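Below: the structure, in structure tokens.
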Amino acid sequence: MLCKECVHGGRSVVYQVGVVDFLRGLGASLFVGVSMGWLLATAQGFGIMLTIWGGLFHALAVSEACLRATRYKRGHLMSLAVSVGCIGGVLAGWLLESNRSEIPIEVFFASPYGYIMMVIATCIAVSRVRSL
């Protein structure tokens, strides 16, 4: 026999994300995302293979940082945090590399490879924090 609470069940602790957990995950995602985004922006010009592998490693680094910072919390808020980390990281990386190397920022925005990398990184990172 089960009591009423056991029959209905509850949300797993893993999916109970508080404000502190969200901010911790967002901060870790942005920090790693900007670091990886700058690193990938410095290597721009290597073509589609760097775009695919760079997007993969960018996603793995951002999602792992978010998961470890929040003690492996998952859910919709964590997917928002890693999305902001991936997209914001690539954009901030472009801006940092543009300022460092004096390449016009328009060069980064004109290349389709950066956008492909953002999509790959965001999709993989979100899938890593939404599922168990």
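Read the figures in this text as sums done on the coordinates, not as results from a lab. Fair warning: this is a prediction, and the values are worked out from it, not measured in the lab. Neighbour counts are summed over all protein chains in view; Cβ atoms, including those assigned to glycine, are modelled from backbone coordinates with ideal geometry.
Structure summary
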quantity: Electrostatic dipole magnitude of segment 37-132 [Cβ: Lys, Arg +1; Asp, Glu -1; Cα centre; debye, to 20]; calculated: 620
quantity: Integer Hz, Karplus 6.51/-1.76/1.60 couplings in order for segment 89-103, x for Gly and Pro; calculated: x, 5, 5, 5, x, 4, 5, 5, 5, 5, 6, 6, 9, 6, 7
quantity: Residues residue 72 and residue 95, FRET efficiency given R0 of 22 Å [Cβ-Cβ distance, rounded to 0.05]; calculated: 0.10
quantity: Between helix 112-130 and the chain: long-axis angle, C-alpha atoms, 0 to 90°, nearest 10; calculated: 10
quantity: For the chain, built as a Gaussian network whose Cα springs stay under 10 Å, the top-fluctuating residue of 25, 88, 37; calculated: 88
quantity: Relative contact order for the chain, counting Cα pairs under 8 Å that sit 6 or more residues apart, in percent; calculated: 36
quantity: FRET efficiency, residue 4 to residue 127 (Cβ-Cβ, R0 41 Å, nearest 0.05); calculated: 0.70
quantity: Among 17, 34, 84, residue whose mean-square fluctuation peaks in a GNM of the chain (springs only between Cα atoms under 10 Å); calculated: 17
quantity: Cα centroid separation - segment 111-132 against segment 62-78, whole Å; calculated: 15
quantity: Calculated log₁₀ intensity ratio I(q)/I(0) where the Debye formula runs over C-alpha points of the chain, q = 0.11, 0.19 Å⁻¹; calculated: -0.42, -0.93
quantity: Using alpha-carbon coordinates, inclination of helix 19-42 to the longest axis of the chain, degrees; calculated: 20
quantity: Segment residue 110-residue 49, extension gain: residue separation times 0.36 nm, minus the distance between their alpha carbons; calculated: 20.1 nm
